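Single-structure report; data block below.
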Amino acid sequence: EYLRESEYNLSKAQSMSHVGSWRSDPMSGELRVSDELLRIMNLSREETTPEALASLIHPDDRESVLSLMQQGTEQGNNYEIEHRLLLRDGTSKWGFTIVEPSVNIDRQIVKLYGTTQDVTQRKHDEVRLRNKKNELQAIFDAVNDGVIVFDNNGSIQHHNHICPQFFPEAVLSGGGCREVFHPDAVFSPQNCPVELALHGERVESSLVSVGEDNNTRYIDITANPINDEMGEKTRALVFLRDVTHKRLHEMQLIQTEKMSSIGVLSTGIAHEINN
C-alpha cells in the first residue's frame with residue numbers, strides 16, 4: 001500500500017511538472033515508461049518501443065540526440081539535451097531530456113534512466129519575451145529624447161543612444177541619480193526627480209547644465225514610476241529633452257517685446273515733449 005501511494009504521488013508530481021520518466025535495459029531491450037511520458041509523446045503503452053521513441057525526435061535533432069545516447073551507453077556518462085519532438089499527428093514540441101546510466105562493479109551499463117520534460121510552453125514564452133524585448137528596444141532607440149531607466153536603488157540600469165549627448169559615458173555606465181542630477185551634492189535632495197518617481201510620483205522639472213564648451217543647456221525632465229508586479233521594487237523611467245533652442249528663442253522674444261515696449265514708451269514721451 002505504501003508503494004502504491006508512492007507511485008500515485010510520483011505520477012501526480014510528473015503530471016503537474018510535465019516530466020515523464022523512462023527506464024531501459026541495453027542488453028535485453030526492455031523499456032518501461034511512465035504515464036506522463038506517454039502523454040507527452042502521444043503514444044499508447046502497447047506501441048511504445050525504443051524505435052518508436054527515436055522516430056519522434058525531430059529529424060533535425062535526431063542525429064545529435066542519438067549520438068549522445070550512444071555515447072552515454074558506451075561510456076556511462078550522464079548527459080542532458082534540449083531538443084524538438086515531431087509527433088505523429090504533426091504536432092511539434094520541445095523536450096528537455098536528462099539521462100543517467102547505471103553501471104555495475106565491472107563498469108558495464110545495466111540500466112539507462114531518463115526523464116523528459118515538456119518545455120514547449122517555456123520555449124514559446126522565451127520567444128515571445130525575446131520578441132517583446134526586441135520591440136521595446138527598437139522603441140527605446142527610436143525615441144529622439146534621452147531615456148534612462150533607474151533601478152530601485154537609484155542606479156542607472158539602461159539608457160538609450162541619445163543620453164551620451166547629455167552626460168559623459170563614465171556617468172552613464174556606473175552612476176546613479178546623484179551623479180546625473182546632483183553631482184555637487186553628497187546625498188540626493190528631496191526634490192530629486194528619480195527619488196520622487198521611486199516613491200510613486202510623476203515629476204516634471206528642468207535642469208540647467210554647463211557643458212565642457214561653457215555653453216548653457218536647458219533640459220526638461222519627466223520622471224515616471226515603473227511599478228513592480230510584486231509591489232516591492234519600483235523603478236524610475238526618466239525622459240530628457242534638450243529645449244535649449246526653445247528657451248533661447250523664448251528669451252529672444254522676451255527681449256524683443258521689451259525693446260518694443262521701450263520703443264512705444266519712448267515714442268509716447270517724445271510726443272508729450274513735443275506737445
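So here's what we get for this one:
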item: Value of relative contact order over the stretch 163-275, rounded to a whole percent, pairs C-alpha under 8 Å and six or more apart; result: 16
item: Which of GLU100, GLU257, GLU63 is most accessible, then next, and so on - probe 1.4 Å; result: GLU63, GLU257, GLU100
item: Helix 120-142 axis, angle to the chain major axis (alpha carbon atoms, nearest 10°); result: 20
item: Potential extension, HIS124-TYR8 segment - 0.36 nm per residue separation minus Cα distance; result: 38.7 nm
item: Cα centroid separation, the stretch 1-80 to the stretch 201-275 (Å); result: 70
item: On Cα atoms only, tilt of 59-75 relative to the major axis of the chain in degrees; result: 60
item: Mean residue ellipticity (222 nm) of the chain, computed from DSSP H runs ≥ 4 via -39,500 (n - 2.57), nearest 500; result: -13500 deg cm²/dmol
item: Accessible surface of TYR8 - all protein chains present, 1.4 Å probe, nearest 10 Å²; result: 130
item: Full-extension gain in nm, ILE81 to THR49, via 0.36 nm per residue minus C-alpha separation; result: 9.5 nm
item: The chain, accessible surface, carbon-and-sulfur percent (1.4 angstrom probe); result: 51
item: Percent RCO, i.e. relative contact order, over the chain, from Cα pairs under 8 Å lying at least 6 residues apart; result: 11
item: Residue order for VAL243, VAL103 - accessible surface, 1.4 angstrom probe, largest first; result: VAL103, VAL243
item: Debye-sum result for the stretch 1-134 in log10 I(q)/I(0), which assumes one identical scatterer on each alpha carbon, at q = 0.17, 0.20, 0.22 Å⁻¹; result: -0.98, -1.26, -1.42
item: Over 27 Å between alpha carbons, listed pairs LYS132/LYS233; LYS12/LYS123; LYS12/LYS133; result: LYS12/LYS133
item: Residues of type lysines that LYS246 reaches as a straight line, Cα spacing below 19 Å, ignoring anything fewer than 8 places off in the same chain; result: LYS258
item: Loop sites in the stretch 1-70: trypsin sites (Lys or Arg not before Pro), DSSP, at most 16 other Cβ within 10 Å; result: ARG45
item: PHE96 accessible area, assembled protein chains, probe 1.4 Å, Å²; result: 60
item: Angle in degrees between helix 244-274 and the longest Cα principal axis of the chain, rounded to the nearest 10; result: 20
item: By average C-beta atoms within 10 angstrom, highest first, the peptides 158-168, 118-128; result: 158-168, 118-128
item: Angstrom value of the Kirkwood radius, inverse mean 1/r, which spans all Cα pairs in the chain; result: 25.5
item: Alpha-carbon spread of the stretch 98-249, three principal axes, descending order, Å; result: 85, 33, 33
item: R0 of 35 Å, Cβ-Cβ distance GLN70-ASN153: FRET efficiency to nearest 0.05; result: 0.10
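The values are calculated or read from the model by the stated rules, or taken from the named source; none is laboratory data. A quick note: this is a predicted structure, and the numbers were derived from the prediction, not measured. Methodologically, a virtual Cβ is constructed for each residue, glycine included, from the backbone with ideal geometry; neighbour enumeration extends over all protein chains shown. Just so you know, the surface numbers come from the protein's heavy atoms only, side chains and all, with ligands and any DNA or RNA stripped out. Shrake-Rupley method; radii C 1.70, N 1.55, O 1.52, S 1.80 Å.
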